[in-house]
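The values are calculated or read from the model by the stated rules, or taken from the named source; none is laboratory data. For clarity, every value in this text was computed on a predicted model and none was experimentally measured. Backbone-built Cβ (ideal geometry, glycine too); neighbour counts: all protein chains shown.
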Amino acid sequence: MAINLSPTSVSRKYFSASDTITNFTRLFKLILLVALVARSPFLFSQNTLDNLGLPATAPAAAAYSLRQLSTSYTGPAIQVRRSSDNATQNIGFNGAGDLDVAALTAFVGSADGFVSVWYDQSGFGRNATQATSGQQPRIVLAGVVEFQNNKPTLVFSGGQNLLSTLTAAQATTGGNITTTSAVFRNATQNSSLFSSGDGGGNRYNIHAPWGDGNTYFDIGNIGSGGRISGSVQWNSTYSIGSFQRNGSQGNVWRNSVNVISANTFSTNVTSTSGMWIGSFNGSSFFITGSVGEIIAFPSALSTADRTILECNQSSYYTISFAAPQGIELVASGTAAASACNFVEEDVVWRLVDLVNNAASGNNLIKIQGGNNWNGG
């Protein structure tokens, strides 16, 4: 048998220098794309919550609200399911940045409306969802939008919740620095407002309140340096709650008053579980009340930033702050443009100092024998 070994039976491919450069460029682009996908959170654009008055230096890990929190956010506020036919529709904001109630009522009609998706406005796309109809919080009842303090609200009646793709670890820096801000009302019962649903050794959880009337703020191992608590309830009216940990220091503010403070945190949270809104773990410790917004920051907001946020919430939701403690009389000048109704000038007297005084019209005059000032 003859075997043909002629040169024509062999095929060779030669590459030019330009081919090599082109292929290298394609490979580099592919490696870069894979790297970007692996770091997918950075494909999202971080939104500054400028409608709240916050700077770019105070970004949120996740932000849920029924108002527009950032001028950079152009997506919807919520996805709503109507009870008449279970159809769903996204509902956005009107020109003022409020929930588009007209679009909401036009879609729901005379039926009930329930929230199946609460969209994250932080820019990370960490939406909170609930696919089970019976566990979706209500926003429309028989054609009437649910309101609290004249603003739309989500109603939780003891069996509703939403699961966010935000993890406990993402809501912190280093597992021990975080701030969660919420506008809500909740009955005094065993419940969790915002929780990773993990066991006691590694959890991010806010019991606000528990059935014993206490509020428990958990970051880490609750049996060993992962919990602070105090007698604080949230059932009477809409309230602004700020829950913060900064290393070992933990604080809770209710309507801008520091109601819990302890320097006892010592363990960190590392959980990668999603965060539940309205229950502990999706099947237990549900809240009974209403929620207007909840924002998680992977930082301990500065006093200035926290005050700006709380003042904005106070103004928008018409939530009054108590007068400063220990002050019985405050004389104020002309109100300046501010969400907290700051004034251009404040003059304050303590009641104990108001001795040997006389009033003349709008003037308060301090006198002594012979109408002489006593240096006070």
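Things worth noting here:
- In this entry, residue 157 is excluded by the filter for residues that are in contact (Cβ under 8 Å) with a residue 12 or more places away in the chain and buried (at least 24 other Cβ atoms within 10 Å of the Cβ).
- Applying the criterion of being hydrophobic (A, V, I, L, M, F, W, C) and not in a strand (DSSP E or B) to the residues of region 150-172, the residue that is farthest from residue 101 (Cα to Cα) is 169.
- Of the criteria (1) assigned to a loop (DSSP other than H, G, I, E, B); (2) surrounded by 20 or more Cβ atoms within 10 Å (Cβ to Cβ); (3) on the phi < 0 side of the Ramachandran plot, which one residue 290 fails: (1)
- Only listed residue being out of contact with any Lys or Arg (no Cβ under 6 Å at 6 or more places or on another chain), outside any loop (DSSP other than H, G, I, E, B) and not hydrophobic (A, V, I, L, M, F, W, C), chosen from 272, 307, 267: 307
- Selection status of residue 274, within 13 Å of the chain's Cα centre (by Cα) and among the small types (Gly, Ala, Ser): no
- Selection from region 202-215 of residues that are farther than 16 Å from residue 266 by Cβ and either hydrophobic (A, V, I, L, M, F, W, C) or in contact with a Ser or Thr (Cβ under 8 Å, 6 or more places away or on another chain) (or both): 205, 206, 207, 208, 209, 210, 211, 213, 214, 215
- Residue in region 245-255 that is at pLDDT 95 or above, closer than 29 Å to residue 130 by Cα, within 20 Å of the chain's Cα centre (by Cα) and not aliphatic (A, V, I, L, M) present: yes
- Applying the set (1) closer than 17 Å to residue 293 by Cβ; (2) surrounded by 19 or more Cβ atoms within 10 Å (Cβ to Cβ); (3) not hydrophobic (A, V, I, L, M, F, W, C) to residue 97 leaves exactly one unmet item: (2).
- Single residue of region 48-78 satisfying the filter (out of contact with any strand residue (DSSP E or B) (no Cβ under 8 Å at 6 or more places or on another chain), buried (at least 19 other Cβ atoms within 10 Å of the Cβ) and not hydroxyl-bearing (Ser, Thr, Tyr)) that is farthest from residue 101 (Cα to Cα): 54
- One residue stands out in region 219-248 among those that are assigned to a strand (DSSP E or B) and free of Cβ contacts under 8 Å to residues at least 40 places away in the same chain: the one that is farthest from residue 200 (Cα to Cα), namely 230.
- Lone unmet requirement of (1) touching a Ser or Thr at 6+ places or on another chain (Cβ under 8 Å); (2) of a type in the set (A, V, I, L, M, F, W, C); (3) within 18 Å of residue 191 (Cβ to Cβ); (4) crowded, with 18+ Cβ neighbours inside 10 Å for residue 265: (3)
- Note on region 199-218: residues that are buried (at least 20 other Cβ atoms within 10 Å of the Cβ) and part of a loop (DSSP other than H, G, I, E, B) amount to 3.
- Spans of strands (runs of 3 or more DSSP E) in region 60-149 with at least 3 residues closer than 25 Å to residue 50 by Cβ and touching a residue at least 60 places away in the same chain (Cβ under 8 Å): 62-65
- Within region 138-153, the set of residues being of a type in the set (A, V, I, L, M, F, W, C) and either farther than 12 Å from residue 66 by Cα or surrounded by fewer than 20 Cβ atoms within 10 Å (Cβ to Cβ) (or both) comprises 140, 141, 142, 144, 145, 147.
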